[in-house]
Amino acid sequence: AQSVAQPEDQVNVAEGNPLTVKCTYSVSGNPYLFWYVQYPNRGLQFLLKYITGDNLVKGSYGFEAEFNKSQTSFHLKKPSALVSDSALYFCAVGSGTYKYIFGTGTRLKVLA
Amino acid sequence: DAGVTQSPTHLIKTRGQHVTLRCSPISGHKSVSWYQQVLGQGPQFIFQYYEKEERGRGNFPDRFSARQFPNYSSELNVNALLLGDSALYLCASSLAGDQPQHFGDGTRLSIL
């Protein structure tokens, strides 16, 4: 069965510092991995995906994520955080079965 | 280009009633998925439709049903509403099953 874990409910980081939001997954077969961001009272916005290829994936708004097969992780990163990055971040996994499994979300707070 | 649109944005119902939620996908997208997001949790997969056929179903009771129309728009129906059905219902569309899903802003359903 597919599963996703986001071990941190909240991550606090100072503006200008690098940020990391953690995600680990479990899936049979090759994973499709995604990161989404959700602002208050809005739907989810797509940030980036990994299906095959380079382990470092670059996405929207300066975000990137590193796929690590041995650790079954797909951590979201950004070199320099902005206050406007403060939001709820979701990791999701699929395996070509047309069904995404989402993590419980991590609230990112970037402090000015 | 118009994104995924959902209607209505808010809805208040009482226990035992029936509700229909509507979704229009991004133009050219043939796959539509429905998710339920309870406050403080990640989205939970309900259904996926592709080319008007059900491709996947999550762990929801038979009170939940959906369909997709020839123009690829979709409806989610919920019968015999319970208090626990109160949630944000999200619709997402994609070109195909392994492509990123693009979400609407959701319908917030409140059951009194």
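Brief remarks follow.
- Student exercise, the range A:40-90 dipole from Lys, Arg, Asp, Glu Cβ charges, in Debye to nearest 20: 80 debye
- Each residue of the range A:63-76 was assigned a 3J(HN,Hα) from its phi angle through the Karplus curve 6.51 cos²θ - 1.76 cosθ + 1.60 (θ = phi - 60°); the sequence is 7, 9, 9, 10, 8, 10, 5, 5, 9, 6, 10, 8, 7, 8 Hz, with glycine and proline shown as x.
- Pairs from A:K78/A:K99; A:K77/A:K109; A:K22/A:K109; A:K49/B:K30; A:K99/B:K30; A:K22/A:K78 whose Cα-Cα separation, in the structure shown, is over 22 Å: A:K78/A:K99
- Distant-in-sequence amide contacts of B:G106, defined by a placed amide H-H separation under 5 Å and a gap of 5 or more residues or a different chain, comprise B:Q6, B:C91.
- The distance between label points at A:T72 and B:L82 comes to 3.0 nm (points 7 Å beyond Cα on the Cα→Cβ vector).
- Charge tally in the Cβ shell below 9 Å around B:Q48, where Lys, Arg are +1 and Asp, Glu are -1, B:Q48 excluded: +2
- 3J(HN,Hα) from dihedral phi, the range A:77-91, Karplus parametrisation 6.51/-1.76/1.60, rounded to Hz, x for glycine, proline: 9, 8, x, 9, 6, 10, 4, 5, 6, 4, 5, 9, 10, 10, 9
- Environment charge at A:Y36 (Cβ cut-off 12 Å; Lys +1, Arg +1, Asp -1, Glu -1): +2
- Neighbouring partner chain Cβ atoms per residue of B:33-44, average, 10 Å criterion: 4
- A cut-off under 13 angstrom between Cβ atoms defines the neighbours of A:Q10, and their net charge, with Lys, Arg +1 and Asp, Glu -1, is +1.
Since every read-out is calculated from the coordinates, none of them should be taken as a lab result. Since this is a predicted model, take the numbers as computed values, not measurements. Cβ: placed from backbone, ideal geometry, glycine included. Neighbour counts: every protein chain shown.
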